[in-house]
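Engineer: One structure coming up, written as structure tokens, with questions to follow.
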Amino acid sequence: MAAVVAALAQPLRLRPARLGPLLGPLLREAARGWRGLGGSEVLRKSVRRGVALSTGSFVVYEAFRLVSGPAVVHASFKDVIEQADYLYGSGETEKLYRLLVQHKNSEDAELLWRLARASRDLAQLSTTSAEEKKQLAYDSLEYAKRALEKNEANSAAHKWYAICLSDVGDYEGIKVKIGNAFIIKEHFERAIELNPKDATSVHLIGVWCYSFAELPWYQRKIAAMLFATPPTSTYEEALRYFHMAEQADPNFYSKNLLFLGKTYLKLNNKKMALLWLSKAKDYPAHTEEDKQVQKEALELLNSI
């Protein structure tokens with residue numbers, strides 16, 4: 001469970017679609033920031049952290065950078081979203097948040113789920129105070145909820161609602177976090193149903209499974225009190241989802257590589273664990289989360 005919470009706690013920035021856990025320890029490893037995880041995370045392959053940008057997007061951003069604040073407010077939602085995707089791909093978390101929060105009263109689902117993601121990413125920064133992190137967590141959930149209300153068929157809205165719901169659980173206790181477990185998984189499954197190629201949602205279900213597979217006994221007792229049939233899973237099931245995510249988008253997220261290695265370790269398959277942990281260690285460190293993944297992978301490799 002700590003794993004899920006940790007995962008969802010990361011800045012979730014998967015290649016530009018970058019999450020790290022869902023349910024307390026459950027979602028600590030799945031959501032950081034996770035990386036990404038945005039439904040129409042447009043700039044995933046074409047914009048690797050803003051390195052490869054279309055001429056159009058670059059021009060739009062340059063215009064955005066030069067115009068005054070009021071001019072941005074009056075820009076069309078399409079322009080704002082293009083600017084937001086550029087900033088997201090470039091890792092400009094604070095600028096992205098400032099751009100999108102101007103439109104927090106928007107009725108547009110595409111804009112709202114991006115604001116939920118930006119708010120969450122801002123909360124993950126080390127420079128954000130504890131009080132601000134908490135407020136941003138609740139704000140993120142509200143934005144994601146509104147995105148779903150505006151368009152239930154939006155895959156990214158379902159994904160970010162699940163992630164943000166898990167984050168809020170960190171402030172409301174383990175009972176609430178476990179109590180939301182089925183809801184969280186249902187929204188990830190709906191996100192995949194709407195967008196089968198979304199590797200990040202598949203990864204997060206894998207984290208969900210991993211977290212419940214390693215759930216401590218006392219948390220299992222809490223789960224048994226909350227549900228007639230409490231949520232359970234196995235490392236084998238988690239491994240299946242991590243491989244599915246990798247097949248959908250090879251090498252898309254450092255944390256997926258790390259979880260593959262960790263899961264193989266849990267299954268006592270050291271040969272495969274070494275393979276995937278080595279991949280995680282060698283993954284290019286574009287973000288703070290990537291550096292943390294490299295560090296954990298190296299520590300695990302040295303312990304084998």
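The values are calculated or read from the model by the stated rules, or taken from the named source; none is laboratory data. Quick caveat: nothing in here was measured; it's all calculated off a predicted structure. Heads up, the Cβs are rebuilt from the backbone with ideal geometry, glycines too, and the neighbour counts pull from every protein chain shown. Ligands, DNA and RNA are stripped out before the accessible areas are found, and what is left, the full protein with its side chains, is counted by its heavy atoms. Shrake-Rupley method; radii C 1.70, N 1.55, O 1.52, S 1.80 Å.
Engineer: Given the whole protein assembly as supplied and a 1.4 Å probe, what does the accessible area of Lys159 come to in Å², nearest 10?
Structural biologist: 0 Å²
Engineer: Right, here's the next one. Would you check the accessible area of Glu236, probe 1.4 Å, heavy atoms only, in square angstrom rounded to 10?
Structural biologist: Accessible area of Glu236: about 110 Å².
Engineer: So how do Thr263, Thr229 rank on accessible area, 1.4 Å probe, biggest first, that is with the largest at the start?
Structural biologist: Reading off the accessible areas and sorting them downward yields Thr229, Thr263.
Engineer: With every protein chain kept in the model, how would you rank Leu274, Leu141, Leu87 by accessible area, 1.4 Å probe, largest at the top?
Structural biologist: Greatest to least solvent exposure: Leu274, Leu141, Leu87.
Engineer: Output ³J(HN,Hα) for the range 290-304: one whole-Hz value per residue in order, computed from phi by the Karplus curve 6.51 cos²θ - 1.76 cosθ + 1.60 with θ = phi - 60°, and x for Gly and Pro.
Structural biologist: Per residue, the Karplus-derived 3J(HN,Hα) values read 4, 5, 5, 5, 4, 5, 5, 4, 5, 4, 5, 4, 5, 8, 7 Hz.
Engineer: A further question on this structure: Which lysines have a Cα less than 20 Å from the Cα of Lys279, not counting those fewer than 8 places away in the same chain?
Structural biologist: Lys45, Lys255, Lys262, Lys266, Lys270, Lys271, Lys291, Lys295
Engineer: Would you check the accessible area of Met244, probe 1.4 Å, heavy atoms only, in square angstrom rounded to 10?
Structural biologist: The value for Met244 is about 80 Å².
Engineer: Rounded, prolate or oblate: pick one for the range 192-304, where a ≥ b ≥ c are the square roots of the eigenvalues of its C-alpha gyration tensor, a/c under 1.5 means rounded, and failing that, prolate if a/b is larger than b/c, else oblate.
Structural biologist: Taking the square roots of the gyration eigenvalues as a ≥ b ≥ c, the range 192-304 is oblate.
Engineer: Still on this model: Would you please classify the overall shape of the range 164-248 from the alpha carbon gyration tensor, given that a ≥ b ≥ c denote the square roots of the eigenvalues, rounded means a/c under 1.5, and beyond that prolate means a/b larger than b/c while oblate covers the rest?
Structural biologist: Prolate shape, in that a/c is at least 1.5 and a/b is the bigger ratio.
Engineer: Along Cα→Cβ, 7 Å out, is where each label goes; now give me the distance between the ones at Met225 and Asn105 in nm to one decimal.
Structural biologist: Reported label-point gap for Met225 and Asn105 is 4.4 nm.
Engineer: Next question. First compute the accessible area of the range 150-304 with a 1.4 Å probe, then give the percent of it belonging to carbon and sulfur atoms.
Structural biologist: 54 percent
Engineer: Give me the 1.4 Å probe accessible area per residue for the range 192-259, excluding ligands and nucleic acids, in Å².
Structural biologist: Value for the range 192-259: 43 Å² per residue.
Engineer: For the range 81-200, what does the relative contact order come out to in percent, with C-alpha contacts under 8 Å and a separation of six or more?
Structural biologist: 20 percent
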